[in-house]
Each structure stands twice: as structure tokens, then as C-alpha cells.
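Asker: Got a structure for you, questions after.
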Amino acid sequence: MTFTELAHHFRTIEETASRLLMTRELSDLFKKSHRDEIACIIYLLQGRVSPAYEKIDFGMAEKMLIRASIHALNIEKKTFLDRYKKVGDLGKTVEVFRDKITTIEEETLSVREVFDKLKKMAQANGEGSQEVKIGILSQLIRTLDSLSCRYLMRIPVNTLRLGFSDMTILDAFSWMIVGDKTLRGKIEEAYHVRPDLGFIGTALKKEGIQGLKKVKPAVFTPILMMRAERLSSAKDIIEKIGRCAVESKYDGFRLQIHYKNDEVKLFSRNLDEVSYMYPDLVSAILKNIKATEVIYEGEAIGYNPKTGDFLPFQETVQRKRKYHIAQKAKEIPLKLFVFDLLYLDGENMLVQQFFNRRKFLSHIFKNNAAAGSLILMADEEIIDDPQRLEALFEKAVSKGLEGIIAKKLNGVYRAGAREWNWIKYKKSYSSKLQDTIDCLVMGYDFGKGKRTDFGIGAFLVGVYDEKKDMFVTVAKIGTGLTDEEWRTLEIKNQKLKIKNRPSNYVVDKGMECDVWLHPKTIVEIRADEITKSPVHTAGRVMKKTKTGKGEEIDIPGFALRFPRLERFREDKKPEDATSVKEIETMYKQQKIA
């Protein structure tokens, strides 16, 4: 496929608001793609040159792209910038100028050729790398047609944003094979184990759905982490899963540890490789491991070395940084509490029962119980008595922990899924709502009065509708933040502003925002209770009027009463936001309470 053909598909997708039509367009694109190029096409659709967990950064600010454009087009800087100010889009600005000129270097390049040049550009580093990057990009601008240049320019600065998520691509894979969404579940299971859409697409093109049966964990490819369901009493937990293993729920960073050939990589919940942030843990793991290759999980939490007391999350979170890492490691040492095993020396442990996974996990450490060890097995007790479970819960809370996790003894590890194999029981913060809610920041309104200093007066948050692959609203928050939190929110959103509301946001006209944001920022929100609301779209059901004209609300949506910011969740992706199904469950639980 030529890059020009791909650019036309980009344009069609960009101009499509319907989720179904977008899925069909992606499906048609995948059908046309050769099996040796589909991975490149998928990465480019996401504005990348690698899977999401490989953080290959182009390292190109907008100024560098402008330099490359001026050099390639041979025009005055002022002329270019004047047009850019009018158009407001770097890609379209280059498209306009490129359309007016003819170069002797014009050539039809394949998707693979452009992809390889972009990857070379991204991987250039060290002395002179800026000029290398500018040279490659300038050459591509002179070679490609004007429409191709529009999308070419958006990739290095991550502004492609075609309005679909990974889940839409999984739907498109199913459409590619059978013409509907029926294979989505099977494809998603494989994707959760190998979250590399290029890998999944290639496997499907080569062998169809049968090719995914061979998908197994691979060291240094992160596995989407399993999630827990919620219940609000010990009695309910025992009734649900019976005899179970109970572990403390640590309030720190969940990490997935990959080890092979004396190399360690740590991955966060949202698949970022964060090894460089925690050199103390990497060193301790290397000294303490007894496996050839292994993938396991744990929670890292800060502690006071004088008292041994655990630190609150607000202090532990200071270890998540890019600079002054060694200094902060001394100030806030970490302990890693290990709790599950996913892969061991060639064997897929995901399909093993939890009881067996835990047993094998305890054998891979040299001196797990040694005094001063930074790598420890999470405490565990197997019980079937609600009163004992309640006692363990109270003990965990008294130690400054979040609560407990109850684990089904014969439960398998369902990567990326939220099922009743794990149940979390957290301390109650209010008389009605038992837990916090992870929300996506969707947009904001400009501030008035003092808020003009921050540029934000109120921000709209939503949750994830898994069935529809859409984000739906639950609250607009204008109070409860400190000045510092308002400033932090404004800084985080600077590069996420977009002109139009994303097509996967479902928003009532009464909740429109002054500024819309690309789905990226997750915040943990505390509220007094979940209520019903006709203006929020989470769980809302609309129906046609009797005349068939317009729509009316059949079932109102869910909303948060007195919402306030608890903390930013940089360890979560947009799809990790609380789901509508969870909101509905929490709403029912608070009514019972």
C-alpha cells in the first residue's frame, strides 16, 4: 500500500463521526493491507512507530517541525507562521504550501518506506541528532503529496488523534474476519496478554482467529493487569467466593516485573516501562531472583526506615519522577510486596489456579524473609469466616493500608479483566459511597474571578462505557481543589487541547465545555454518593418519541454528588477509568447500605 492511499483513509476516518462507520473504514483498510505491512499501518494509525509500551519518543518539539517545513518548502519563516496562525494546524499548514509547489523529488512511497524513515527519525539521538531528524522530515515533505504531508506532520508531535481507541481497532479486526463484532471477545483476550495491536493484526492476517490460540506471555512485553471487583462487606465476599486467600491492599504503585538474562524491566499499570525510576528495586530484584525468566506482580509502597510505618500515597507518589531519582530514593525508600505470578521459565501461569501461582511464586526468591529485604511476599491468610475477614480488614486499615483483597483460590489470572476472582474491600469514607471513582478529564470551562489565574473554572469528568467504547459524563467539578491542584490540572491539559469534542465522548448539551481535551488525564474522585441525573450520560437511556422525531430520556444517567479531587492517577489509561457497570453496582450497594 502506498502512503498516499493510507493518507486518504486517514482523512475519511478523521471526517467520520459514527463509531460504526469508523470501525467499518478501519476494517476495509485492514482487508486491503498485506500481512507484512499491517503492523506498520496500525502503529501509524496510533501516531506511533512501535507498540504503546515501547516509549520511542520522536523528541521533536513544534519548533523543530516548523524548521523542517520551512527548509523543505523553501519559504520565509514569517510567511509560514502567518499562515499557521490562521489555520491553527501544523499539518494543514504544510498541506496548503505543499499543494502549491512541485519538486523534482516527488515520489510515490510505500507505507513501509515512510514508516522506516519515521522510525529512523525517532531513534536518532546524541550529538547532531536534531539535524538528522530535520533532514529526514524535510526530505519526506518534498517527496510526499500534500495530503500525505498533513498526516506526516501530526505524527512526531502526537496530534494525529483520529478519535478511536484500541478497542475500536479490535472491533475492526473482527469485522475484517467475519463482518461483525462477534470475534471481539476472543481477540480482546489475546490482546490483553500481548497488548501489541501490530502483533495481533499480523497474527490475524497470517492465520486468522486460529493464530491467536498461540498467544502466550512474552518476557518484556507487559501483560494487561487483572482488576478486582468491589464488595462492601466481609459477609458478601464469603458468600460470593467462599474460602479465599486474603491479602492486604497496599496503597502504592502496582508494578509488573519482567526478568530474563540478568535484565529487569518494570512496567506500570498503564504499560509504561518505569525501571529507571526505581533503581533500588531493580537492584534488589537482581540479587534476589531464582528463575531463568519470569513475570510477576507486586505493589511498591514507601516506608519510614526508622519506624517501619508505611507512608501515605501522597508521599509514595513522589518516587514517580524523571529527575533527582537517587536522592529521592534515599528520602523515600520502597518495599515491593509481591502477590502474583504470570509466567515462569517457559510456562504460562495465567491459566493456573491462584493457589498454585502463589505456591510457585514463593519459590522464586532467595531470601524473601530476610531482615531488611526490599522484596517481600504479600501477607496472606486463607479463611472462610466473615468475622475473621473483617478482623483482617480492620488490621490492614490500622496499619495505614487501603483495605484488603480477597482472592478466589481456584481462580485463573484473567489479563485485563475485572472479574470475581479478586474482590477488593476498602475502608468506607462516607455513609453512602464506599469507594473512590477513577474518572477521565474530558474538558473544562474558563475560570472567573480568581480562577482566571488558573485558566480553569470547572472541569467535566466521565467514566468508561465498555459496551459502546465511549466515555460518558458523571460530574462537572468546580470546587474542592487547592490552588496547586488547579495549576497542576491546567499544566497537564496544555498539550491535550483539541478544537472539537471527540467522537467517543457522549455529552449532554447542558454539559458542553469551553475547551475539549484528548482522552489522557485520569483523576481519582471522591463523592458523597451517586445520584440520578437527566444531564449526565453515564447509564442514561434515550428513546424515540411517539412521532419518531427527536429523543427523550427514558432512564436518567448517574451523577456524583459533591465530587472532589482525591489525586491524579498517572498509572492508568483512559480505558482504566471506572466503568458504567461499576457505577451501577456502586449505586445499588449504597442504597442497600
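Asker: Can you tell me which residue among Glu5, Glu95 is under 14 Å from Cys149 (Cβ atoms) and either part of a helix (DSSP H, G or I) or β-branched (Val, Ile, Thr) (or both)? Spell out how you get there, then give the answer.
Answerer: Details: Glu5 fails: under 14 Å from Cys149 (Cβ atoms).
Among Glu5, Glu95, only Glu95 is under 14 Å from Cys149 (Cβ atoms) and either part of a helix (DSSP H, G or I) or β-branched (Val, Ile, Thr) (or both).
Asker: Give me the residue from segment 14-23 that is part of a helix (DSSP H, G or I) and crowded, with 17+ Cβ neighbours inside 10 Å and, out of that set, modelled with the lowest pLDDT.
Answerer: Result: Arg19.
Asker: In segment 457-569, which strands (runs of 3 or more DSSP E) lie fully inside it and hold 1 or more residues that are surrounded by 18 or more Cβ atoms within 10 Å (Cβ to Cβ) and at pLDDT 85 or above?
Answerer: Working: elements: 458-465, 470-477, 515-517, 522-526, 529-533, 541-544, 551-555, 557-561, 564-568.
Where strands (runs of 3 or more DSSP E) fall fully within segment 457-569 and carry at least 1 residues being surrounded by 18 or more Cβ atoms within 10 Å (Cβ to Cβ) and at pLDDT 85 or above, they are 458-465, 470-477, 515-517, 522-526, 529-533, 557-561, 564-568.
Asker: Further question on the same structure: So, of the residues in segment 94-123 that are of a type outside the set (D, E, K, R) and without any contact (Cβ under 8 Å) to a residue 40 or more places away in the chain, which turns out to be surrounded by the most Cβ atoms within 10 Å (Cβ to Cβ)?
Answerer: Of segment 94-123, the ones of a type outside the set (D, E, K, R) are 94, 96-97, 101-104, 108-111, 114-115, 118, 121-123.
Remaining after also requiring without any contact (Cβ under 8 Å) to a residue 40 or more places away in the chain: 97, 101-102, 104.
Numbers: Phe97: 21, Ile101: 13, Thr102: 7, Ile104: 6.
Per the stated criteria, the residue is Phe97.
Asker: Still on this structure, please answer the following. Could we say that Leu65 is closer than 18 Å to Asp166 by Cβ, surrounded by 21 or more Cβ atoms within 10 Å (Cβ to Cβ) and not small (Gly, Ala, Ser) here? Let's see the steps before the verdict.
Answerer: Working: closer than 18 Å to Asp166 by Cβ: no; surrounded by 21 or more Cβ atoms within 10 Å (Cβ to Cβ): yes; not small (Gly, Ala, Ser): yes.
So Leu65 fails the test.
Asker: Can I ask one more? Take the conditions under 20 Å from Arg569 (Cβ atoms), assigned by TED's automatic domain parsing to the domain that holds Pro574 and of a type in the set (Asp, Glu) and apply them to Glu490. Does it pass? Can you show your working first?
Answerer: Working: under 20 Å from Arg569 (Cβ atoms): yes; assigned by TED's automatic domain parsing to the domain that holds Pro574: yes; of a type in the set (Asp, Glu): yes.
Against the criterion (under 20 Å from Arg569 (Cβ atoms), assigned by TED's automatic domain parsing to the domain that holds Pro574 and of a type in the set (Asp, Glu)), Glu490 qualifies.
Asker: A further question follows. Lys63 - would you say it is within 24 Å of His192 (Cβ to Cβ), out of contact with any helix residue (DSSP H, G or I) (no Cβ under 9 Å at 6 or more places or on another chain) and outside the structural domain of Tyr276 (by TED's automatic domain parsing)? First the steps, then the outcome.
Answerer: On the way: within 24 Å of His192 (Cβ to Cβ): no; out of contact with any helix residue (DSSP H, G or I) (no Cβ under 9 Å at 6 or more places or on another chain): yes; outside the structural domain of Tyr276 (by TED's automatic domain parsing): yes.
Against the criterion (within 24 Å of His192 (Cβ to Cβ), out of contact with any helix residue (DSSP H, G or I) (no Cβ under 9 Å at 6 or more places or on another chain) and outside the structural domain of Tyr276 (by TED's automatic domain parsing)), Lys63 does not qualify.
Asker: Can you pull out every residue in segment 418-447 that is modelled with pLDDT of 90 or more and surrounded by fewer than 16 Cβ atoms within 10 Å (Cβ to Cβ)?
Answerer: Of everything in segment 418-447, just one residue is modelled with pLDDT of 90 or more and surrounded by fewer than 16 Cβ atoms within 10 Å (Cβ to Cβ), namely Trp420.
Asker: Same structure, new question: Take the residues in segment 218-242 that are surrounded by fewer than 21 Cβ atoms within 10 Å (Cβ to Cβ) and over 23 Å from Glu402 (Cβ atoms); name whichever of them is farthest from the chain's Cα centre (by Cα).
Answerer: Gly242
Asker: Something else: Going through Ser165, Ser174 one at a time, which residue ends up being among the polar types (S, T, N, Q) and in contact with a Pro (Cβ under 8 Å, 6 or more places away or on another chain)? First the steps, then the outcome.
Answerer: On the way: Ser174 fails: in contact with a Pro (Cβ under 8 Å, 6 or more places away or on another chain).
Going through Ser165, Ser174 in turn, the sole match is Ser165.
Asker: Continuing with this model, one more query. Which residue pairs have Cβ atoms under 8 Å apart, sit 6 or more places apart or on different chains, and have a first residue in segment 347-361 that is buried (at least 19 other Cβ atoms within 10 Å of the Cβ) and at pLDDT 95 or above and a second that is among the polar types (S, T, N, Q) and assigned to a loop (DSSP other than H, G, I, E, B)?
Answerer: These pairs meet every condition: Phe354/Asn410.
Asker: Of all helices (runs of 4 or more DSSP H) completely enclosed by segment 175-282, which ones contain at least 1 residues that are in contact with a helix residue (DSSP H, G or I) (Cβ under 6 Å, 6 or more places away or on another chain) and in the same structural domain as Met377 (by TED's automatic domain parsing)? So that I can check it myself, show each step before the final result.
Answerer: On the way: elements: 184-193, 197-207, 234-241.
So the answer is 234-241.
The values are calculated or read from the model by the stated rules, or taken from the named source; none is laboratory data. Since we're looking at a predicted model, the values are computed, not measured. For neighbour counting, all protein chains shown are included, and Cβ atoms are generated from backbone atoms with ideal geometry for every residue, glycine included.
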